[in-house]
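Nothing in this text is a laboratory measurement; each read-out follows from the coordinates by a stated rule. Since the model is a prediction, treat every value here as computed from it, not as a measurement. Heads up, the Cβs are rebuilt from the backbone with ideal geometry, glycines too, and the neighbour counts pull from every protein chain shown.
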Amino acid sequence: MWPGVARTISLPGFVNAHSHAFQRALRGRAAGGDFWAWREGMLDEAEHQTVESVAALYASTYREMRAAGFTAVGEFHYLGLETAFSAAEAADDAGIAFVCVYAAYARGGLPRMRQASVAAYLAELEQLRARGIAVAIAPHSVRACPRDWLEQLGRYAADDALPLHVHADEQPREIEECVAEHGMRPIELLADCGCLGERTTVVHATHADGRELDLLRDSCSSICACLTTEADLGDGFLPATRVRHRGIPLCVGSDSNVRIDPFEELRQLEGIARRQEGRRNVFSTDELWEIGGPNGGIALGLEAWPAIEINPAHRSLEGVAEEHLRAALISGCGADVVVSPA
Ligand SMILES: [Zn+2]
């Protein structure tokens, strides 16, 4: 079953709680000097996606995720309904559990990303559900959704017990714009609009202040950190130790897919925490594996996803005792230790 590998060790699969698979195409392109310049290149790429290009690109990206040990993915999708069906089929082909985190987009971005009303958005969401595709409600951000959209979407997610995902506090400019428009910061606005709660995942929270983190803690909301992307885009550092001290659940996502490697996401999370605290082992190995798997599953409303097989004879694991395996995978290995399904 595992060609060329004498013995494998089975471990829980990782959950990629935040992906924009089409952005895999952007890796290696210089694409601007900061997040906002990169975003122009990203929008250009988004504009050219078709049902066919999504079918091909997403299938190869999901196969890469599956081979790297991510066995479930939450695709934060803002390219319209038809391509959402293509993404779901691509995930099926790749053997990766799939949740369509379907974005509501009222303003900005591209015409293909926007819906005319919350009712129009929900009608699209219901078409996905009617095909048996697992979904999450996703006001894209406080940039893209005005207050009345946030209120209606928060209510719908609560009534239907659906996960709610939303980008917030990735960049300082987004916070400044929110304060100018609403007189409060993004996570404060989300709280005000009924968008926080135990099924809510705030993506990034890179620049969340103490009060915003308190709101996440008090509402039992989660944070999805996208460490390799946040580094690539120069977003800043997750306030990892302040998040941990408050007991806010964390999960991870490969986001722009500049890298697809669950071990690297977790290593960067722990690396940030170590630098912030000036000590080692801030998150325990057990905590990091929870963040990499079960916490992502909860964030996406998933109950099950496939396990992975590790090759203990891989050269990067040579001399590592089995009792240290899970720690060594995070601190010292790349995703090539995962044995690809045949
Ligand atoms: Zn994102």
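If you wrap region 84-156 in the convex hull of its Cα atoms and look at it from every side, the mean projected area works out to 5.0 nm². Report, in whole Å, the centroid distance computed from the Cα atoms of region 68-88 and region 1-62. One Cα centre to the other: 10 Å. Per residue, the convex hull spanned by the alpha carbons of region 116-263 comes to 121 Å³. Ranked by the mean number of other Cβ atoms within 10 Å per residue, highest first, peptides 61-68, 270-277 order as 61-68, 270-277. Taking only alpha carbon atoms, region 243-283 gives an Rg to Rh ratio of 1.00, where Rh is the Kirkwood radius.
Scaled against the 2.2 N^0.38 Å expected of a compact globular protein of N residues, the Cα radius of gyration of the chain reads 0.95.
For the chain, averaging the sequence separation of C-alpha pairs within contact (under 8 Å, six or more residues apart) and dividing by the residue count gives a relative contact order of 23 percent.
Considering only beta bridges that DSSP places wholly inside the chain, some 10 percent are antiparallel.
The value given for region 281-320 is a Kirkwood hydrodynamic radius of 12.3 Å, derived from the mean inverse Cα-Cα separation. Taking P262, P172, P294 in turn, the Gaussian network model of the chain (Cα-Cα springs below 10 Å) assigns the largest fluctuation to P172. Evaluated at q = 0.10, 0.11, 0.17, 0.23 Å⁻¹, the base-10 log of the normalised Debye intensity for region 227-342, with identical point scatterers placed on the Cα atoms, takes the values -0.31, -0.38, -0.93, -1.50.
Think of the chain as having a plus end and a minus end, set by charges on the Cβ of Lys, Arg, Asp and Glu; of C145, T241, C193, T241 sits farthest toward the positive end of this dipole. Evaluated at q = 0.10, 0.19 Å⁻¹, a Debye calculation over the C-alpha positions of region 18-169 (equal weights, vacuum) places log10 I(q)/I(0) at -0.34, -1.23. Largest mean-square fluctuation among H324, H204, H77, in a Gaussian network model of the chain whose springs join Cα atoms under 10 Å apart, belongs to H324. Spin-label model, A130/R7: points 7 Å from Cα along the beta carbon direction are separated by 5.4 nm.
With K and R counted +1 and D and E -1, the other residues having a Cβ less than 13 Å from that of G293 yield a net charge of -4. If the label point is 7 Å along Cα→Cβ of D336, which residues in region 308-323 have backbone nitrogen under 20 Å from it? Only 309-320 fall inside the zone, counting backbone N under 20 Å. Over region 31-71, all Cα pairs binned in 10 Å intervals from 0 give whole-percent P(r) values of 26, 32, 38, 4, listed from short to long. In a Gaussian network model over the chain where Cα atoms closer than 10 Å are linked, find which of T71, T285, T200 has the largest mean-square fluctuation. Among T71, T285, T200, the largest mean-square fluctuation in the Gaussian network model of the chain belongs to T285. About its Cα centre, the chain has a charge dipole of approximately 460 debye under the convention of +1 per Lys or Arg Cβ and -1 per Asp or Glu Cβ, with nothing else charged. Placing +1 on each Lys and Arg Cβ and -1 on each Asp and Glu Cβ, with no other charges, gives region 255-306 a dipole about its Cα centre of roughly 320 debye.
Where the convex hull is taken over the Cα atoms of region 1-76, what is its projected area averaged over directions, in nm²?
Values: hull surface 28.5 nm².
One quarter of the hull surface, i.e. the mean projection, equals 7.1 nm².
Taking one quarter of the surface of the convex hull spanned by the alpha-carbon atoms of region 115-198 gives a direction-averaged projected area of 5.5 nm². Relative to the longest principal axis of the Cα atoms of the chain, the long axis of helix 35-47 lies at roughly 90 degrees.
Pairwise alpha-carbon distances in region 183-229 exceed 12 Å for 57% of all pairs. Average 1/r across all pairs of distinct alpha carbons in region 217-276, invert it, and you get the Kirkwood radius: 11.8 Å. Reducing region 146-224 and region 96-111 to their Cα centroids gives an inter-centroid distance of 16 Å. Taking amide H atoms as placed 1.01 Å from N in the peptide plane, the amide H of Y102 lies under 5 Å from those of H77, A136, A138, each 5 or more residues away in sequence or on another chain.
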